[in-house]
1. Tell me the net charge near A127. Cut-off is 13 Å between Cβ atoms, A127 excluded, with +1 for each Lys or Arg and -1 for each Asp or Glu.
2. Between R132 and R46, what length comes free when the chain is fully extended (0.36 nm per residue of separation minus the Cα-Cα distance, one decimal in nm)?
3. Take each of the peptides 81-90, 146-155, 9-18, 55-64, average the number of other beta-carbon atoms within 10 Å over its residues, and list them starting from the highest.
4. Starting from the Cα of S159, move 7 Å in the Cα-to-Cβ direction to define the label point; list residues of the range 41-63 whose amide nitrogen is under 14 Å from there.
5. DSSP loop (so not H, G, I, E, B), at most 14 other Cβ within 10 Å: list which GluC sites (Glu not before Pro) in the range 39-73 pass both filters.
Amino acid sequence: APAAQPFKVAPPPSWVEPIQPEARHLEPAGEVNGGVHYVLHETQVRVSARTAERYSHGARRVINESGIEDAAELEFEFDPSYERLTIHGVWLQRNGQRRSVLEPSSVRVIQKERELEQRLFNGTLSALVFIRDVRVGDVIEHAYTTEGVNPVFGGRYASSHEVRFAV
């Protein structure tokens, strides 16, 4: 039997306030990077006395051929020593139609040591999702939650939030 995946697939938590990506098909000047326009990038966080849940939801529109490769690969990072990953979905929007393209059995979980050259090993895993048949004009949408608190903080919560990208 295949090994169990270190993530689960389930709907978003009940506390999440749904936000839909804009349906505009305009190419905003100065807001395109690598052939992709970031239509939505949101994070919702719920902190309790025992855990923290971080819901992430995003959507990217493929503007040109150079954006296809970037949009067709999604990466969800988590530290399995204290976090649990739940993937809520991956959707492809084309010609006004939205369909699920998440195939849980084809999600690849790898260990990417970003600081390997400095001989630092942190054990973070990446769940990689590859989407087939991505075309110019498509919108790739995804949602996932990581749950857990880093024990190094001793029961306190700390976080940072990106408020802008290169665009």
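A short reminder: the numbers here are calculations on the coordinates, not readings from a lab. Please read these numbers as outputs of a predicted model, since none were measured by experiment. So basically every Cβ, Gly included, is an ideal-geometry build from the backbone, and we count neighbours across all protein chains shown.
1. -2
2. In short, 27.6 nm is gained.
3. Result, highest mean Cβ count within 10 Å first: 55-64, 81-90, 146-155, 9-18.
4. 42-57
5. Here the sparse-neighbourhood loop sites are E65.
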